[in-house]
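Undergrad: Sharing a structure with you now.
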């Protein structure tokens, strides 16, 4: 979310460019899928058909909900109605937006699963395993000092994208947040390994015996069930410290920063409104 700033929703909707990514979602999806598994022509046709359906649904159903939520966040910021409870409310609403997409798409993904071959399933999870290995190796190469410096730089930049120049006190808040967060990388890695192992077993059973669709649907709709109690506990602690950080940043906003933030929100609302036409 991995998933900074009061407007976490915005980060989920942005990347290289909100409008660019959305308008080119079809070929971006092919580019992304191709990193994991090679599809034949018939499979690409099926994916293309479903992509068009998903994007049409998302445009009509979800984009208006995003606009309404952004306007709600904007109003809260403008009127000073930002409290720890309100931040938690908006966070939960962002998660609900994602769950809405997941609920819509998963049944189609389950229906598409039997079209995969055993070779493609093995290729998919081998690529996932290799990517996880590369991530771990990169993490191990970084010293604690470099890791901390990168985190500070990334978080400062995220704040500056939404607020403009940040103050010294806000930079100190970033440092305090780092100290308050508990490391969870190894727990996330363990979660992904166990979850992906279960997915692979179910997918292989589907493509070889045609059984297991209900189990696949459950796995895709409930990946959180594979998280350990320790990961859930630390995630909750980190979420709370992050919300405290956001509240502290809000209280420290200068008028110039507040106007900058509202302007950024307005731009995003305009972008999404244009996409929803």
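The values are calculated or read from the model by the stated rules, or taken from the named source; none is laboratory data. Keep in mind the model is a prediction, meaning the values are calculated, not measured. A quick note on method: Cβ atoms are made from the backbone with ideal geometry, for glycine too, and the neighbour counts reach across all protein chains shown.
Undergrad: Quick one: residue 277 ticks every box in (1) out of contact with any helix residue (DSSP H, G or I) (no Cβ under 7 Å at 6 or more places or on another chain); (2) part of a helix (DSSP H, G or I) bar one, so which box is it?
TA: Evaluating residue 277 over (1) out of contact with any helix residue (DSSP H, G or I) (no Cβ under 7 Å at 6 or more places or on another chain); (2) part of a helix (DSSP H, G or I) leaves (2) as the failure.
Undergrad: Do we find a residue being surrounded by fewer than 15 Cβ atoms within 10 Å (Cβ to Cβ), under 17 Å from residue 250 (Cβ atoms) and out of contact with any strand residue (DSSP E or B) (no Cβ under 9 Å at 6 or more places or on another chain) anywhere in region 222-240?
TA: yes
Undergrad: Examine region 137-147 for a residue that is on the phi > 0 side of the Ramachandran plot and not in a helix (DSSP H, G or I), and state whether such a residue exists.
TA: Step one: of region 137-147, the residues on the phi > 0 side of the Ramachandran plot are none.
The answer is no; no qualifying residue exists.
Undergrad: Could you figure out which of (1) at pLDDT 90 or above; (2) surrounded by 14 or more Cβ atoms within 10 Å (Cβ to Cβ); (3) within 21 Å of the chain's Cα centre (by Cα); (4) within 29 Å of residue 213 (Cβ to Cβ) isn't true of residue 99?
TA: Going through the list (1) at pLDDT 90 or above; (2) surrounded by 14 or more Cβ atoms within 10 Å (Cβ to Cβ); (3) within 21 Å of the chain's Cα centre (by Cα); (4) within 29 Å of residue 213 (Cβ to Cβ), residue 99 breaks only (2).
Undergrad: Still on this structure, please answer the following. Could you identify the single residue in 130, 134 that is assigned to a helix (DSSP H, G or I) and within 30 Å of residue 42 (Cα to Cα)?
TA: 130
Undergrad: Say we look at region 222-234 and pick out the residues that are assigned to a helix (DSSP H, G or I) and touching a helix residue (DSSP H, G or I) at 6+ places or on another chain (Cβ under 9 Å); which of these is nearest to residue 175 (Cα to Cα)?
TA: Going through the qualifying residues, I end up with 234.
Undergrad: Among the residues of region 238-254, is any closer than 27 Å to residue 104 by Cα, modelled with pLDDT of 95 or more and part of a helix (DSSP H, G or I)?
TA: Among the residues of region 238-254, at least one is closer than 27 Å to residue 104 by Cα, modelled with pLDDT of 95 or more and part of a helix (DSSP H, G or I), which makes the answer yes.
Undergrad: Moving on. Restricting to region 71-84, name every residue that is part of a helix (DSSP H, G or I) and at pLDDT 95 or above.
TA: 71, 72, 73, 74, 75, 76, 77, 78
Undergrad: To continue, here is another question. I need a count of the residues in region 56-82 that are touching a helix residue (DSSP H, G or I) at 6+ places or on another chain (Cβ under 7 Å) and farther than 19 Å from residue 268 by Cβ.
TA: 1
Undergrad: From the list 215, 211, which one is out of contact with any strand residue (DSSP E or B) (no Cβ under 8 Å at 6 or more places or on another chain) and at pLDDT below 95?
TA: Residue meeting the stated conditions: 211.
Undergrad: Residues being closer than 30 Å to residue 39 by Cα and either out of contact with any helix residue (DSSP H, G or I) (no Cβ under 9 Å at 6 or more places or on another chain) or surrounded by fewer than 13 Cβ atoms within 10 Å (Cβ to Cβ) (or both): count how many of those fall in region 115-168.
TA: Counting residues in region 115-168 that are closer than 30 Å to residue 39 by Cα and either out of contact with any helix residue (DSSP H, G or I) (no Cβ under 9 Å at 6 or more places or on another chain) or surrounded by fewer than 13 Cβ atoms within 10 Å (Cβ to Cβ) (or both) gives 11.
Undergrad: Oh, and also: For region 103-116, state whether one or more residues are more than 23 Å from the chain's Cα centre (by Cα), assigned to a loop (DSSP other than H, G, I, E, B) and at pLDDT below 95.
TA: yes
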